[in-house]
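These notes are about the structure you will find just below.
We did not get these values from a lab; they are worked out from the coordinates using the rules stated. Here the structure is a predicted model, which means the values were calculated and not measured. We place every Cβ from the backbone using ideal geometry, glycine too, and count neighbours over all the protein chains shown.
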Amino acid sequence: MIDAHHHLWDPSRREYPWMAGAALDPIRRPYTVDDLRAVTKAAGVHATILVQTISSAEETAEFLATAAAEPVIAGVVGWVDLTATDVADRLAALDGPLVGIRHQVETEPDDDWLLRPEVMAGLSTVAAAGLAFDLLIRPAQLPAATEVALRLPHLRLVLDHAAKPPIAAGEWEPWASGVAALAARENVVCKLSGLVTEANWSGWEVGHLRRYVDHVLEVFGPARLLFGSDWPVCELAASYELVVDAAIALTGSLSDAERLAVFEHNARATYRLDAGEATSPRG
């Protein structure tokens, strides 16, 4: 099993703007590689993708060094300033098992931020470097993401957390239609991740997630869906092991081969883990 989405952080060393507010107090502490080893071993996960948490080149460099020294971390989705004029040089300067780039687009007030000319140029450079781009977006930003997928068919796009469906509110549209439109682009895959924290943190059940998971399974298919824990964020609503159990339960209708794709093979293909063995032998 590969966990295609998790984080590490240390609030004593740097600030995380998204972590403001008392509701996030339970996870406002350091989460280390030792913690990662413990939860992944208990859940039977043998490799992971470490994902950026803030817009920081320094964090990305640290994550790459951590991954180079830690066998369980197969790759890093880092950050680069997509609006910079020297994106190619900045990417080339990153040393380690870099498999993708992410920007926290969900925090951008402009729902069309992805379509800005300088951002599109940066995304094209990410594609030319052979990297994936993780889409961390809100439902209102799905149309812009779909347009990016259309304009840049050579860019591998990874939809994080299924675009954060409004599970707790029980709402459906415009999320469902937006996700379906994005899924129509063959260069997009979707992570089965981050859903427990879109539900009611203290009262969610697997059944509350099922309608939304069934939808992404229908529009993306098991060949373009990959499992991610979103640990440690998930701890606001569930333990690592419980998130894994929920994902297994929600994919219970799939064949063994389809489940193998969702829980391992799709992550390998999306982030080119096997192709990157020269720089990331942990594949």
Furthest towards positive pole of dipole, 6, 68, 16, structure part the stretch 1-93, Cβ charges: 6
Rounded to the nearest 5, what % of DSSP beta bridges with both residues in the stretch 2-270 are antiparallel? 5
Over the chain, relative contact order from alpha-carbon pairs under 8 Å, at least 6 apart, %: 19
Whole-Å distance linking the alpha carbon centroid of the stretch 1-66 with that of the stretch 106-173 is 22
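How big is the dipole moment of the chain about its Cα centre under a simple scheme where the beta carbon of each Lys and Arg is +1, that of each Asp and Glu is -1, and everything else is neutral? Debye, nearest 20, please. Write down the numbers at each step before the final one.
Values: 22 positive and 39 negative charges, 77 e Å.
Here the chain has a charge dipole of around 380 debye.
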List the residues, sorted by chain then number, that are 5 or more residues from residue 192 or on another chain and whose placed amide H is less than 5 Å from its amide H. 226, 227, 228
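Sort 114, 91 so the one with the fewest other Cβ atoms within 10 Å of its own Cβ comes first. Present the calculation step by step, with values, prior to reporting the outcome.
Numbers: 114 26, 91 19.
Fewest to most other Cβ atoms nearby, the residues stand as 91, 114.
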Kirkwood hydrodynamic radius (C-alpha pairs) into Stokes-Einstein, the stretch 1-156, 4 °C and 1.567 mPa s, D in µm²/s: 78
Kindly identify the stretch 24-70 as rounded, prolate or oblate by the Cα gyration tensor criterion: order the square roots of the eigenvalues as a ≥ b ≥ c, call it rounded if a/c is under 1.5, otherwise compare a/b with b/c, prolate if a/b is larger, else oblate. oblate
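Rank-order 213-219, 82-88, 58-64, 23-29 by packing density, defined as the average count of other C-beta atoms within 10 Å over each peptide's residues, highest first. Intermediate values should be presented prior to the final figure.
Numbers: 213-219: 17.6, 82-88: 15.9, 58-64: 19.6, 23-29: 13.0.
Output ranking for 213-219, 82-88, 58-64, 23-29: 58-64, 213-219, 82-88, 23-29.
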Helix-only [θ] at 222 nm, the chain, -39500 (n - 2.57) per DSSP H run of 4+, per residue, nearest 500, equals -10000 deg cm²/dmol
With θ taken as phi - 60° and the coefficients 6.51, -1.76 and 1.60, list the Karplus ³J(HN,Hα) couplings across the stretch 7-17 in order, rounded to whole Hz; mark glycine and proline as x. 10, 9, 7, 8, x, 7, 9, 8, 8, 10, x
Kindly provide the pair-distance distribution of the stretch 138-209 built from C-alpha pairs, with 5 Å bins from 0 and whole-percent values in order of increasing distance. 3, 17, 26, 23, 14, 9, 5, 2, 0
Applying the gyration tensor rule to the Cα atoms of the stretch 2-270 (axes a ≥ b ≥ c; rounded if a/c under 1.5, else prolate if a/b exceeds b/c, else oblate), the class is rounded
Karplus ³J(HN,Hα) for the stretch 31-47 (6.51 cos²θ - 1.76 cosθ + 1.60, θ = phi - 60°; Hz, whole; x = Gly/Pro) runs 10, 10, 4, 4, 4, 4, 4, 5, 6, 6, 4, 5, 8, x, 8, 9, 7
To make sure I understand, if each residue's beta carbon is the centre and we count other beta carbons within 10 Å, what order do 191, 164 fall in, fewest to most? 164, 191
Residue-by-residue Karplus 3J(HN,Hα) for the stretch 20-29, coefficients 6.51, -1.76, 1.60, Hz, glycine and proline x: 6, x, 5, 4, 9, 3, x, 10, 8, 7
